[in-house]
């Protein structure tokens with residue numbers, strides 16, 4: 001009796017809260033599929049959350065006004081390059097810090113942990129000067145190179161590699177394979193989950209890049225998708241349906257990626273919390 | 001015999017030291033790419049920010065830099081806009097951190113059970129987290145529309161008249177806070193959930209045999225067991241909150257009447273719009289010190305398990 005009552009109460013609370021969390025996003029998707037005038041005429045009724053007359057006009061017109069596909073590919077391209085080269089650079093560094101003994105490794109580890117708290121905002125300007133000195137403004141290098149090495153990723157890799165038994169590595173080195181080969185053929189295949197976790201955490205965070213691309217991209221050619229929708233939002237005439245279409249379009253790739261790698265994303269968040 | 005042993009030992013030692021040398025070499029070559037990148041794009045800019053804090057120059061003319069000693073800091077502590085931004089940042093942080101963590105804990109408790117639909121609820125709470133802040137900010141400008149917005153329409157239903165939200169200096173920051181909690185609570189929920197699942201079931205069973213109520217269990221088992229997880233959640237939420245930038249940049253541009261201007265926004269505007277690179281660096285240094293202070297004071301609260 002008491003159990004059923006708790007269950008009903010939990011369901012009711014969960015449903016109310018879920019609606020609060022999902023309605024704004026639902027409204028975004030539904031409005032993107034509606035004719036402009038209907039978005040406003042439906043506003044005061046439940047119809048605002050129901051797509052009764054589905055049309056793709058908003059998408060078509062928004063895509064005519066701005067090169068959304070180009071922005072999407074720009075984002076996919078540079079974020080993928082950051083994440084994939086980051087996996088290489090950070091994993092091998094994390095491996096050295098976890099498994100190889102050399103003078104200074106402790107010091108490097110301490111520095112990397114300390115650097116984790118440097119907020120990006122506080123190095124924004126000097127970093128811009130460094131990029132400017134290298135003549136990298138408005139090039140892919142500016143969007144990619146500064147973000148390949150990532151202290152948090154190195155730390156995650158190190159924590160994971162610590163748990164790999166030394167015997168496995170020793171037997172590989174007795175068989176005569178060099179350290180790079182041991183890493184590539186023994187360690188990497190054992191570490192799928194940590195690679196997936198680092199990849200998706202990094203991907204989602206860079207997918208949202210906004211402040212930095214404003215500074216280092218000047219024309220449309222390198223503009224990422226976040227900047228694309230923000231400029232579209234300030235570009236008159238303003239049609240809500242079209243804006244909602246660009247927002248929905250921007251969100252779809254990341255939702256797909258999230259659903260595919262959900263397990264690893266959640267693991268990443270929670271392992272950071274437990275090991276902290 | 002004795003010399004043979006010596007030779008053997010020597011050989012052993014030399015292979016050992018050769019191996020050690022080799023490991024050192026390999027170690028350095030493995031860390032070099034990451035370390036070089038970090039030095040160039042993190043350590044160097046950081047040191048430059050500290051140095052620039054004592055100088056005056058235009059961002060586009062770094063060759064015309066000159067030292068001004070503590071002038072930037074003197075100016076900073078008499079600058080009303082700096083205090084206003086500092087206050088706004090603190091107000092946002094002090095409000096968002098407890099509210100968001102509280103909501104997150106509540107959500108975690110709501111989905112930490114055997115309900116059939118618990119995964120659906122989890123995904124619902126989590127979906128704003130994966131959506132980027134730019135999308136969320138633009139979406140909520142529409143929701144907060146003072147004339148024809150979904151939120152005002154919902155308020156009409158309860159007999160409340162139109163609210164100005166982002167257009168009013170007294171409501172803008174609170175509107176951003178509400179949205180930020182909605183966006184990020186799912187993230188902290190996941191961490192709390194992992195913490196909840198780490199609590200031994202035996203504790204609950206034993207206490208319910210002793211006749212403890214659900215509320216007593218929450219008070220005496222759940223909350224104390226979550227101590228370290230909570231400190232962690234509060235730490236990362238605080239550090240996130242202090243960096244508030246995208247929301248005011250897109251939604252209000254710091255207005256109305258500077259009511260949503262934050263430190264990060266001030267750094268950006270001083271440095272890139274007004275091109276006061278030195279002054280902006282000085283604010284960056286203060287900003288960094290605040291983040292360090294928070295991180296260290298939070299560490300103090302961590303208890304050994």
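Just to be sure before I move on: is residue A:169 within 10 Å of another protein chain (Cβ to nearest Cβ), touching a residue at least 24 places away in the same chain (Cβ under 8 Å), more than 26 Å from the chain's Cα centre (by Cα) and over 24 Å from residue B:46 (Cα atoms) in the structure I sent? The answer is no for residue A:169. Taking residue A:85 as the residue in question, decide whether it is buried (at least 17 other Cβ atoms within 10 Å of the Cβ) and within 13 Å of chain B (Cβ to nearest Cβ). Taking the combined requirement at face value, the residue satisfies it. Across region B:175-219, the number of residues qualifying as more than 14 Å from chain A (Cβ to nearest Cβ) and either in contact (Cβ under 8 Å) with a residue 24 or more places away in the chain or touching a strand residue (DSSP E or B) at 6+ places or on another chain (Cβ under 7 Å) (or both) comes to 2.
Counted as qualifying within region B:29-148 are the helices (runs of 4 or more DSSP H) with 3 or more residues that are more than 11 Å from every other protein chain (Cβ to nearest Cβ) and more than 23 Å from residue A:132 (Cβ to Cβ), namely B:71-76, B:80-111.
Scanning region A:109-127 for residues that are in contact with a helix residue (DSSP H, G or I) (Cβ under 9 Å, 6 or more places away or on another chain), more than 7 Å from chain B (Cβ to nearest Cβ) and surrounded by fewer than 21 Cβ atoms within 10 Å (Cβ to Cβ) yields a count of 6. For residue A:55, the conditions (1) in contact (Cβ under 8 Å) with a residue 12 or more places away in the chain; (2) within 9 Å of another protein chain (Cβ to nearest Cβ); (3) assigned to a loop (DSSP other than H, G, I, E, B) all hold with the exception of (2).
Can you confirm whether region A:238-253 contains a residue that is surrounded by 20 or more Cβ atoms within 10 Å (Cβ to Cβ), under 28 Å from residue A:128 (Cα atoms) and modelled with pLDDT of 85 or more? Yes. Among the helices (runs of 4 or more DSSP H) confined to region B:197-305, the ones with at least 2 residues that are buried (at least 20 other Cβ atoms within 10 Å of the Cβ) are located at B:227-242, B:246-251, B:263-268, B:277-301.
Condition check for residue A:220 on (1) more than 8 Å from every other protein chain (Cβ to nearest Cβ); (2) part of a helix (DSSP H, G or I): one failure, at (2).
Of the residues contained in region B:157-172, one or more are found to be assigned to a helix (DSSP H, G or I), at negative phi, surrounded by fewer than 18 Cβ atoms within 10 Å (Cβ to Cβ) and within 14 Å of chain A (Cβ to nearest Cβ). Determine, yes or no, whether residue B:262 is away from every other protein chain (no Cβ under 11 Å), out of contact with any strand residue (DSSP E or B) (no Cβ under 6 Å at 6 or more places or on another chain) and touching a residue at least 60 places away in the same chain (Cβ under 8 Å). Judged against the criteria, residue B:262 is not a match.
The values are calculated or read from the model by the stated rules, or taken from the named source; none is laboratory data. Note that the structure is a prediction, hence the values are computed from the model and not measured. So basically every Cβ, Gly included, is an ideal-geometry build from the backbone, and we count neighbours across all protein chains shown.
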